[in-house]
Amino acid sequence: MVNIILLGPPGAGKGTQAKRLVDDRKMVQLSTGDMLREARTSGSEMGRKVAEVMDRGGLVTDAIVIGLISERLDDPAPGGFIFDGFPRTLPQADALGELLSAKGQGLDAVIEMQVDDSALVARISGRYTCGNCGAVYHDTTHPTKVSGVCDACGSTNLKRRADDNADALQLRLMEYYKKTSPLIGYYYAKGALSTVDGLADVETVAAAVAKVVDQP
Ligand code: AP5
């Protein structure tokens, strides 16, 4: 069992690689972005506030996302957990360490995916996902084989995210550099950090991620 964090800016390819690991290794993806997108459809006051913050490109409060992750750590995960988009702040990183150690678990690797800002804009502006199974596509680099139909599950419910626009992306990037990038030093100091070139093609990135996951 291996627990890993995929760390990187918006559009670095965290979700794409997480889904590969789920398919190949029976790991469980814990994406706080996906959990929050689900919460916002609940119609609750909390969901309304979450939607407003996400659409702007800001970060949701630590208490909310730590609560969401905490609820999921008892799920069966024989292959281990992939933390995708969590932690994003130093308090979240501390909380994750405490939650895992309370369950007698630890973190095996933190994989930083490095991608230039210019590539991130191109990736985010072309992204669409399957609303049924979560498969991730791109207008030019990875379109569906049949236009409008998900390759993985055949659903025609393909959609674009409300925060995948130029204004929200600018704030998402600022939030990443101000609040999330300090985690690179945090995990380096703990001896847990590995870096992969996220600019390479999806297969090459997957091979680099697999090498880290398989290291003793
Ligand atoms: P979240 O959903 O986590 O979004 P994000 O971190 O901004 O990351 P993305 O999902 O945009 O990108 P990704 O790295 O997964 O890239 P992907 O694989 O899709 O968070 C959304 C919001 O929720 C936040 O802004 C915040 O408001 C809130 N939130 C979430 N977690 C939070 C937390 N912990 N604390 C507080 N707030 C939180 O790939 C992108 C595109 O590139 C795709 O089209 C894909 O096909 C393509 N692509 C992928 N890899 C490659 C490659 N190697 N080569 C070419 N194209 C590629």
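Some notes on this structure:
- Subset of the stretch 110-134 that is open to solvent by 20 Å² or more (accessible area, probe 1.4 Å), of a type in the set (Gly, Ala, Ser) and within 11 Å of the ligand (Cβ to nearest atom) - its residue that is nearest to LYS145 (Cα to Cα): GLY134
- Residues (within 16 Å of the ligand (Cβ to nearest atom) and open to solvent by 80 Å² or more (accessible area, probe 1.4 Å)) located in the stretch 176-198: TYR177, LYS178, LYS179, ASP197
- Taking every residue in the stretch 146-175 that is within 14 Å of VAL121 (Cα to Cα) and pairing it with any residue that is of a type in the set (Asp, Glu) and assigned to a loop (DSSP other than H, G, I, E, B), at least 6 positions away or on another chain, the pairs with Cβ-Cβ distances below 8 Å are LEU169/ASP163; ARG172/ASP163.
- Considering LEU120, LEU59, LEU96, LEU100, the condition of being at pLDDT 90 or above and in contact with a helix residue (DSSP H, G or I) (Cβ under 6 Å, 6 or more places away or on another chain) is satisfied by LEU59 alone.
- Single match in VAL205, VAL209, VAL213 (criterion: near the ligand (Cβ under 8 Å from one of its atoms) and either out of contact with any helix residue (DSSP H, G or I) (no Cβ under 7 Å at 6 or more places or on another chain) or in contact (Cβ under 8 Å) with a residue 60 or more places away in the chain (or both)): VAL205
- Failed item, numbered, when LEU107 is tested on (1) buried (at least 16 other Cβ atoms within 10 Å of the Cβ); (2) more than 12 Å from the ligand (Cβ to nearest atom); (3) on the phi > 0 side of the Ramachandran plot: (3)
- Selection from the stretch 135-159 of residues that are under 20 Å from SER31 (Cα atoms) and surrounded by 14 or more Cβ atoms within 10 Å (Cβ to Cβ): ALA135, VAL136, TYR137, HIS138, ALA152, LEU158
- Each residue in the stretch 51-68 was checked for being closer than 26 Å to ASN3 by Cβ and near the ligand (Cβ under 8 Å from one of its atoms), and 7 pass.
- The number of residues in the stretch 69-104 being within 21 Å of GLU175 (Cβ to Cβ) and more than 12 Å from the ligand (Cβ to nearest atom) comes to 1.
The values are calculated or read from the model by the stated rules, or taken from the named source; none is laboratory data. All figures in this text were calculated on a predicted structure; none of them were measured in a lab. Using ideal geometry, Cβ is built from the backbone for each residue, glycine included, and neighbour counts are taken over all protein chains shown. Just the protein is used for accessible areas: all its heavy atoms, side chains included, with ligands, DNA and RNA removed. Shrake-Rupley method; radii C 1.70, N 1.55, O 1.52, S 1.80 Å.
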